[in-house]
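Read through the structure below, which is laid out as structure tokens, and then see the notes.
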Amino acid sequence: MLCGLYLIIDLFFKKIDVGSLLKTVIPAGIALVILTVVVDSMFWRRLLWPEAEVFWYNTILNKSSNWGTSPFLWYFYSALPRGLGPSIVLLPIGMYLDRRIVPIVVPALVYILLFSFLPHKELRFIIYVFPLLNISSAITCSYVYIRRTKAPIYELFFWGIVMVIVCNIAFCVALSLVAMTNYPGGVAMIRFHKLLKNEPYVHVHISNLAAQTGVTRFTQINDHWTYSKNESLQVDQLQHFTHLLVEAKSKYSPNLKAFSQTHTILDSIESFSQITMNYKLIPPVKIKTKPA
């Protein structure tokens, strides 16, 4: 979709003609579709065109909302500020200083707007546009840096941009520390393999939350074990698994009672809960976790 928006702009300004476009797009498109179908079908062991299947599920059937929904403007008031950090304030300035980047930045923003119509929203859906938006911020930095010795006002702006960069670094470090506590599923899977490394036979069921928070096929490292992510199983069917990765707020959670006669708790993993401030500590920020 993003490339399509840039193609539309180039066609509109007659930088390319339809004939030349089709001569390139059609053979390249066919070759890339064949490549992705062959590779993904091999890994998934069934005929699969991943991009088409995702588009059908998320857009046509609009079933992505089953994984949660967010307000229409969520990308603009939450995802973009978190993704770009303090440097987002430099974005509109760069567009004003150099109008040549408007055809680069505007399609990126339109892309985000179009994705906003899908109720289910994730940062990874729009992360591809961040480098494009950062071009505008970089132009602001370059403009001020070149002129920093020409007038006191530019020197003031220069030190302001330095502060923005420092804040960006601190912001990235802080969010990285938070993100490290946001994947309890992956942590659970690693610890699970360490606890049972000598077990020859394991049939484990992976819950929805675990699958969303770090459990991937790359973490299924034991070829002799059986891993299941089947979401349609009832409690009595889950009881037949040798092990379960399940979410629970504590060991006394009601959803664990059904397994109290068939399973015992081997370990628990905590995930992000909230950020608290305590100015008596260094650093004054503390990340609190809770059972996942």
**OP:** Taking only segment 261-278 into account, find how many residues are out of contact with any Leu (no Cβ under 7 Å at 6 or more places or on another chain), assigned to a loop (DSSP other than H, G, I, E, B) and either surrounded by 10 or more Cβ atoms within 10 Å (Cβ to Cβ) or among the basic types (Lys, Arg) (or both).
**Re:** 5
Original post:
Being outside the structural domain of Val164 (by TED's automatic domain parsing), surrounded by 15 or more Cβ atoms within 10 Å (Cβ to Cβ) and modelled with pLDDT of 90 or more, is that true of even one residue in segment 56-72?
Top reply: no
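So which residues in segment 227-257 are small (Gly, Ala, Ser), surrounded by fewer than 15 Cβ atoms within 10 Å (Cβ to Cβ) and either within 18 Å of Trp44 (Cα to Cα) or touching a residue at least 12 places away in the same chain (Cβ under 8 Å) (or both), if there are any at all?
Scanning segment 227-257 gives Ser228, Ser250.
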Original post:
What do you reckon, is Tyr143 surrounded by 14 or more Cβ atoms within 10 Å (Cβ to Cβ), touching a residue at least 12 places away in the same chain (Cβ under 8 Å) and over 30 Å from Met1 (Cβ atoms)?
Top reply: yes
Original post:
Taking only pairs six or more apart or across chains, which ones have beta-carbon atoms under 6 Å, a first residue in segment 40-55 that is farther than 27 Å from Phe115 by Cα, and a second residue that is not hydrophobic (A, V, I, L, M, F, W, C)?
Top reply: Leu47/Ser41
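Have a look at His263, His224 and point out the one that is in contact with a helix residue (DSSP H, G or I) (Cβ under 9 Å, 6 or more places away or on another chain) and touching a residue at least 12 places away in the same chain (Cβ under 8 Å).
His263 is the lone residue from the list that is in contact with a helix residue (DSSP H, G or I) (Cβ under 9 Å, 6 or more places away or on another chain) and touching a residue at least 12 places away in the same chain (Cβ under 8 Å).
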Original post:
Can you tell me which residue in segment 155-188 is farthest from Val144 (Cα to Cα), limited to those that are touching a residue at least 12 places away in the same chain (Cβ under 8 Å) and aromatic (Phe, Trp, Tyr)?
Top reply: Tyr183
Original post:
Is there a residue being under 28 Å from Ile275 (Cα atoms) and part of a helix (DSSP H, G or I) anywhere in segment 149-161?
Top reply: yes
Original post:
Does segment 111-133 contain any residue that is part of a helix (DSSP H, G or I) and of a type in the set (Gly, Ala, Ser)?
Top reply: no
Subject >> Residue ID - farthest from the chain's Cα centre (by Cα), chosen from residues in segment 3-28 that are of a type in the set (Lys, Arg) and closer than 14 Å to Pro103 by Cβ >> reply: Lys14
Subject >> Scan of segment 119-133 for residues that are out of contact with any helix residue (DSSP H, G or I) (no Cβ under 7 Å at 6 or more places or on another chain) and either closer than 14 Å to Val105 by Cβ or at pLDDT 95 or above (or both), ordered by number >> reply: Pro131
Original post:
If you go through segment 140-148 one residue at a time, do you hit one that is at negative phi, modelled with pLDDT under 95, assigned to a helix (DSSP H, G or I) and of a type in the set (Gly, Ala, Ser)?
Top reply: no
Original post:
Where residues in segment 29-57 are among the acidic types (Asp, Glu) and within 30 Å of Leu109 (Cβ to Cβ), which of them is farthest from the chain's Cα centre (by Cα)?
Top reply: Glu53
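The values are calculated or read from the model by the stated rules, or taken from the named source; none is laboratory data. Owing to the predicted nature of the structure, the values given are computational and were not obtained by experimental measurement. Positions of Cβ are generated from backbone atoms using ideal geometry, with glycine treated the same way; all protein chains shown enter the neighbour counts.
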